[in-house]
Every structure is written in C-alpha cells, then in structure tokens.
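The structure appears right after this line, and notes come after that.
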C-alpha cells in the first residue's frame, strides 16, 4: 500500500458535481497504469477521519479531490493522526472546487490527463504549514492551513461563503467570490485589533488582514504576491480602515497583485503573530473556511509537508 495512491474524494465539491467529474480522473489514471484506492467523504469532518484511517492502514501516498476546503480538511486530518510523521506521507490534490487557489499557485492542472501526467512527473515540493492556536480557558484547540488565513473582512466573507453554499446560489468561480466580496461590504463594521509580532504591539482599526503561506485566495485574488511557501515565514498583508468606496475602487488591484499602490495597504513578514479583537471574539478563517473564534496565535512550521505539484513557483523578492 505504500506505493499505491489512495484518493479521498469530496463528491459535494464543485457544487455537487465532484462525484461526476471524478469518473474522468479515475479513467485517466487507469489508462496510465494507476489503480488507485478510492474513499469518498460523506459528511462534514469525514475527510479528517478518512485521512487518519489511511495513515493507520499504512497508506503513504494520499491524494485529495475537491476544493480548497477539502484540502484544508485533508491537511488537518494528517496533522492530527498519530500513525506516522506528516512528512512521511506524499500528498497530492486535484482541483475540483470553486476557487482552487492552492492549485492555481502551483499550476496543478484541472485536466484529468494533464493531472495524471503531473503525478507521473513526481515533482515534490517541501511545503510550509500554518498553525492557528485558538486555545481558550485552558482548552487546547488548533487548526492547520497551507494557503492563507485571515481575520476581519476576510473571515466575515468566509462565514458568508458557508451560508451561500447552503443556499441555491448558482454562481461559480470568480463570479461567486466577487458576489461574496460585495455582499459583505453592505453590513461589515471595521474592527479594532491588537497585533503582536516581531517585538511590535499595535492597536488599530483593520479592515482586513491576511496571513499568507501562498499567494492567492478568493478565486484568484493576490493579497500576498511575494509569499514563498517554503521559507518558514508568513507574509502578512494589512488593510487599514478605509472607506467602502476605496475597497470597490481598488478591488481590481487585488486581483492584479498591485494592491500595495494603495498607501492604506502594507505588508510585513513574521514567523508568529497574535491577534485579538478589542470588543468581542472575532471570526477566524483558514483556506477559505471558517475555523473558529479569536483571539488567535498564528505560527509557521517550515517545510513540514510534501506535495506533488505542477510547477515550482517563481521566487519573488519581498520588497518591504
């Protein structure tokens, strides 16, 4: 089993079309000589359980099939199991979701034949891991992520995304995220946050804050265009309090990766950041999923995971 790929698929991905799309992937793998074991998730939290079971049964090549949320659940299952060290497992992911931002960054193809060719090339990337400590009143609580986590407006949008997925909305991809971004603006109240990082402590109103390992979120937005997912350091992007008309005006810059032209947007790098909201606990999101309530401490673990990817991302020098 150590040399045989196990697939954990989320049939609810791609607005319920994931199970149908999976058939073409399976056929492409069979044509190339693969005979994967296939397990299907059936309910919320099941992916984590299946990963734990897989590790205990000896699987050391495991692929997830779904969206960014499925990948997040996949990684959390790996980090909480006790059968082996996480870096003993070779991971892969097939993009079958709405945003597919992690795969966008690593140029993991969504075409079945091209994806199988990608697996055959076996280009392995040692990937950083983000850890969110949500411990309160002595009760330990941790969540893990591999792309981007966030607070303030970003986390508000994650809650809206969860609600939208439970409705009959038909929008997908970029249009879905654009809809969420502008819908959320109607009622959002900018919070005051206390940030502690690199020996600095500051309290201020923050419209949005992104804690990035990779560069993309929200179906192709670029809040962290210089992030390096193997350097063990977060790129933190802070959007200071700004009028809503400015958010709308500069939204195209967020998709183009040129947001730092706005003087109210800045970035710094750190291995650890503590975030507390002044008036009440705030939502915390990771990889587009609501994961709990703050306060929260974010730390990074350098090159903790191994992924098969499409292409190694181009290195960009952090300019700040």
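The values are calculated or read from the model by the stated rules, or taken from the named source; none is laboratory data. Everything numeric here is computed off the predicted structure, so don't read it as measured data. Every residue, glycine as well, gets a Cβ built from its backbone with ideal geometry; the counts of neighbours run over all protein chains shown.
Before moving on, here are some points about what is shown:
- Count of residues meeting criterion [in a strand (DSSP E or B) and either buried (at least 19 other Cβ atoms within 10 Å of the Cβ) or under 16 Å from the mean Cα position of the chain (by Cα) (or both)] in the stretch 277-302: 14
- When residue 308 is tested against (1) touching a helix residue (DSSP H, G or I) at 6+ places or on another chain (Cβ under 9 Å); (2) in contact (Cβ under 8 Å) with a residue 24 or more places away in the chain; (3) farther than 16 Å from residue 206 by Cα; (4) in the same structural domain as residue 204 (by TED's automatic domain parsing), only condition (4) is not met.
This table checks each residue for (1) part of a helix (DSSP H, G or I); (2) without any contact (Cβ under 8 Å) to a residue 60 or more places away in the chain.
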position	(1), (2)
84	no, yes
91	no, no
98	no, no
115	yes, no
118	yes, no
126	no, no
130	no, no
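- Qualifying positions in the stretch 54-71 - assigned to a helix (DSSP H, G or I) and in contact with a helix residue (DSSP H, G or I) (Cβ under 9 Å, 6 or more places away or on another chain): 54, 55, 68, 69, 70, 71
- Residue that is nearest to residue 186 (Cα to Cα) [pool: residues in the stretch 244-283 that are in contact with a helix residue (DSSP H, G or I) (Cβ under 6 Å, 6 or more places away or on another chain) and at pLDDT 90 or above]: 283
- The residues listed here are 197, 177; of these, the one that is under 21 Å from residue 235 (Cβ atoms), surrounded by 14 or more Cβ atoms within 10 Å (Cβ to Cβ) and at pLDDT below 80 is 177.
- Qualifying residue in the stretch 119-138 (condition: surrounded by fewer than 22 Cβ atoms within 10 Å (Cβ to Cβ) and touching a helix residue (DSSP H, G or I) at 6+ places or on another chain (Cβ under 7 Å)): no
- Complete set of residues in the stretch 219-243 that are at pLDDT 95 or above and on the phi > 0 side of the Ramachandran plot: 232
Each row is one residue, and each column tells you yes or no for (1) closer than 26 Å to residue 147 by Cα; (2) modelled with pLDDT of 85 or more.
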site: 9; (1), (2): yes, yes
site: 32; (1), (2): no, no
site: 37; (1), (2): no, yes
site: 42; (1), (2): yes, yes
site: 46; (1), (2): yes, yes
site: 58; (1), (2): no, yes
site: 69; (1), (2): yes, yes
site: 76; (1), (2): yes, yes
site: 79; (1), (2): yes, yes
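- Of the residues making up the stretch 100-113, those that are without any contact (Cβ under 8 Å) to a residue 24 or more places away in the chain and either touching a strand residue (DSSP E or B) at 6+ places or on another chain (Cβ under 7 Å) or more than 16 Å from residue 22 (Cα to Cα) (or both) number 1.
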